[in-house]
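Structure first, commentary second.
Throughout, read-outs are computed from the coordinates displayed, never taken from laboratory work. Everything quoted here is computed from the prediction, not taken from an experiment. Every residue, glycine among them, receives a Cβ derived from its backbone with ideal geometry; neighbour counts consider all protein chains shown.
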Amino acid sequence: MTYRVTAIQKLTIVFCAVLPLLGVIAAITFGRPSAPIFLLLIFSLLAVFACYSYLFKVPLEVTIQNNAHLNFKPLWSEISLTCRDVYYINASKWNRGFVTIKYSSGSVFLLRNMPNMKDLIERMRSFNSMIEVKGEISV
């Protein structure tokens, strides 16, 4: 079964990916003349790196197969794992609009309001009952 984000959510992700770059350009262009340019560049590049490393873990599509194999497809990469690798799902309300899926070698961030998110979590738990879930998704 495949779960996809909506078109509006795709535009939001693309906007969030472009926004830091626009912020860096604006900071360099309109920055105070007394600020050292190398310091401005270092902090700007660190902010862009942090944002991109976070955003490229947000998949646009999730596929779960009957053999408990998960495929997450973020913007430019693909993450494949099995439900046995997943050990924790953080779906608490304070989690900034994301559902965090932690697995043995990292984590993936799903949009909380992705269609059928509750069904995806329930299917993952049906393949691996040892997954600890914090919080819940309504509808």
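Numbers for the structure displayed
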{"quantity": "Strands (runs of 3 or more DSSP E) lying entirely in region 72-139 (those with 3 or more residues that are among the hydrophobic types (A, V, I, L, M, F, W, C))", "calculated": "86-91, 98-103, 106-111"}
{"quantity": "Close pairs (6 angstrom Cβ cut-off, 6 or more residues apart or separate chains): exposed (fewer than 13 other Cβ atoms within 10 Å of the Cβ) in region 1-28, not acidic (Asp, Glu) anywhere", "calculated": "Met1/Ile64; Thr2/Thr63"}
{"quantity": "Residue tally, condition touching a Ser or Thr at 6+ places or on another chain (Cβ under 6 Å), farther than 20 Å from Ala7 by Cβ and buried (at least 17 other Cβ atoms within 10 Å of the Cβ), over region 86-110", "calculated": "2"}
{"quantity": "Residues located in region 98-122, provided they are aliphatic (A, V, I, L, M), closer than 15 Å to Asn71 by Cα and free of Cβ contacts under 8 Å to residues at least 40 places away in the same chain", "calculated": "Ile101, Ile121"}
{"quantity": "Filter result (within 17 Å of Asn71 (Cβ to Cβ) and of a type in the set (D, E, K, R)) within region 123-136", "calculated": "Arg123"}
{"quantity": "Qualifying residue in region 2-21 (condition: among the basic types (Lys, Arg), assigned to a strand (DSSP E or B) and either more than 12 Å from the chain's Cα centre (by Cα) or farther than 25 Å from Val133 by Cβ (or both))", "calculated": "yes"}
